[in-house]
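The values are calculated or read from the model by the stated rules, or taken from the named source; none is laboratory data. Note that this is a predicted model, so its numbers are computed, not measured. FYI the Cβ positions are ideal-geometry reconstructions off the backbone, even for glycines, and counts take in every protein chain you see.
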Amino acid sequence: SQTIHQWPATLVQPVGSPLSLECTVEGTSNPNLYWYRQAAGRGLQLLFYSVGIGQISSEVPQNLSASRPQDRQFILSSKKLLLSDSGFYLCAWREGQKYSPLHFGNGTRLTVT
Amino acid sequence: AQKITQTQPGMFVQEKEAVTLDCTYDTSDPSYGLFWYKQPSSGEMIFLIYQGSYDQQNATEGRYSLNFQKARKSANLVISASQLGDSAMYFCAFVPSSASKIIFGSGTRLSIRP
């Protein structure tokens with residue numbers, strides 16, 4: 001069966017520090033991969049998605065970036081965190097078929113101080 | 001552009017009652033998919049139910065059913081016989097046929113009263 005691992009679960013970082021969140025998927029090949037961010041009590045904002053190795057589509061962020069160095073690995077990065085980067089970050093995967101559902105990791109709660 | 005709307009920021013329901021969570025969407029695509037997710041206070045996102053735009057029947061999964069009205073562009077989630085464990089945020093999500101990205105509504109916080 002397929003599983004998704006996302007770490008760390010919580011992170012407290014100072015403003016201006018770098019960020020690296022990692023997500024890996026097991027039990028499937030060539031998944032579509034996603035990074036979402038959720039502000040407290042709010043909906044999910046799509047940050048990046050990838051349909052294959054090295055293919056990244058960016059939806060919003062200016063100081064965040066994503067990379068997919070391997071088929072089942074998706075990394076969210078920042079060189080310098082801002083206070084506004086605080087939030088709950090969720091990695092997700094889905095099969096490449098049109099209407100397959102997203103399956104989410106447990107999330108990373110990031111606090112930028 | 002596609003858009004998905006959940007107009008109920010919060011709802012309170014008595015235990016064992018049925019509850020309907022509203023979701024409307026805006027698209028010109030003839031083919032698309034709709035999903036509902038549950039997010040308990042722990043933060044995990046749990047997939048509940050899926051409806052395809054060409055499905056003839058409303059989707060059902062246990063106590064969850066989807067009231068799909070294509071002409072009105074609505075896909076409301078119905079939870080029958082609500083339980084205390086149903087207290088959570090609920091998100092409606094949309095995927096058009098032409099894109100790989102899934103768009104989420106702003107969510108509805110459901111609170112079940114004992």
**Asked** In segment B:82-113, what residues are modelled with pLDDT of 95 or more and either touching an Asp or Glu at 6+ places or on another chain (Cβ under 7 Å) or away from every other protein chain (no Cβ under 14 Å) (or both)?
**Response** B:82, B:83, B:84, B:85, B:86, B:87, B:110, B:112, B:113
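What is the residue count in segment A:44-73 for residues that are within 14 Å of another protein chain (Cβ to nearest Cβ) and polar (S, T, N, Q)? Steps first, answer last, please.
Of the residues in segment A:44-73, the ones within 14 Å of another protein chain (Cβ to nearest Cβ) are A:44-52, A:55-60, A:66, A:68.
From what's left, polar (S, T, N, Q): A:45, A:50, A:55, A:57-58.
Adding up the residues that qualify gives 5.
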**Asked** Got a number for residues in segment A:12-44 being crowded, with 17+ Cβ neighbours inside 10 Å and either of a type outside the set (Ser, Thr, Tyr) or over 20 Å from residue A:102 (Cα atoms) (or both)?
**Response** 12
**Request:** With a cut-off of at least 3 residues that are crowded, with 16+ Cβ neighbours inside 10 Å, name the strands (runs of 3 or more DSSP E) lying wholly within segment B:17-88.
**Result:** B:32-39, B:46-52, B:64-69, B:74-79
